[in-house]
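Report on the structure given below.
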Amino acid sequence: MTSKNAGSALLAKDDYRAVNALLSAYCRCLDTDKLEAWPDFFVADGLYKVLSRENVELGLPAPLVYYYSRGMMQDRVTAIRDALTYEPVYTRHLTSGLHVEPDNAAPDAAAFVARSDFAIYQTTEEGVTRLFSVGEYQDRIVRDGDTLRFAERTVVMDSFGVQNLIAIPL
């Protein structure tokens, strides 16, 4: 069976479901504070970056966060656990509007381009909840053996300023 996103090539429903499952597992990993597993969502030379929408629209490529390997992501997790001081918060990721299509530029047939909207809420230990960030995930996803992983995850935040440190991955 195939489905068609507006303006995209045909995509097998199983592929759409697999991409959706990857995105859901990613959010669940972060929301349940399993940060040590976060780098495993990426291929070894995976790219993770966070940009403001303003910079994207102005063609300014300077990211707020930039990691270009799983090793850098693992180092970040170690820093979060062992070195950084920040207010502990519980996060909740809400995503919607998933759009997936085959990555026609990739030599591998099992590569996808996905976009989805996100809202991330943070709740303090005192129980105060606030909206932390809203934006769009822009992903390149590849099959790595039997597993889908991010080759690239670009987080485009609608707000150009954040109220506190981006300590935990978005």
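The values are calculated or read from the model by the stated rules, or taken from the named source; none is laboratory data. Computed from a prediction, not measured in an experiment: that's the story for all the values here. Methodologically, a virtual Cβ is constructed for each residue, glycine included, from the backbone with ideal geometry; neighbour enumeration extends over all protein chains shown. Surface accessibility is based on the protein's heavy atoms, side chains included, excluding ligands, DNA and RNA. Shrake-Rupley method; radii C 1.70, N 1.55, O 1.52, S 1.80 Å.
Leaving out ligands, DNA and RNA, what percent of the accessible area of the chain is carbon and sulfur, probe 1.4 Å?
On the way: 4770 of 9170 Å².
Of all accessible area on the chain, carbon and sulfur atoms account for 52 percent.
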(message) How many angstrom lie between the Cα centre of the stretch 26-63 and the Cα centre of the stretch 116-150?
(response) 8 Å
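What longest range of the chain stays clear of loop-exposed GluC sites (Glu not before Pro) (DSSP non-H/G/I/E/B, at most 11 other C-beta within 10 angstrom)?
On the way: sites that count: Glu125, Glu126.
The answer is 1-124.
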(message) Using amide H atoms built in the peptide plane, which far-off residues or other-chain residues are under 5 Å from Val89 H to H?
(response) none
(request) Please determine, in degrees from 0 to 90 and to the nearest 10, the orientation of helix 13-31 with respect to the longest principal axis defined by the Cα atoms of the chain, where the helix direction is its Cα long axis. (result) 10 degrees
(message) List the residues, sorted by chain then number, that are 5 or more residues from Leu64 or on another chain and whose placed amide H is less than 5 Å from its amide H.
(response) Val50, Leu51, Ser52
(request) Relative to the longest principal axis of the C-alpha atoms of the chain, give the angle of the C-alpha long axis of helix 70-82, reported between 0 and 90° and rounded to the nearest 10°. (result) 20 degrees
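Suppose all protein chains stay in the model; what accessible area per residue would a 1.4 Å probe give for the stretch 1-141, in Å²?
Numbers: 7840 Å² over 141 residues.
Per residue, the stretch 1-141 has 56 Å² of solvent-accessible surface.
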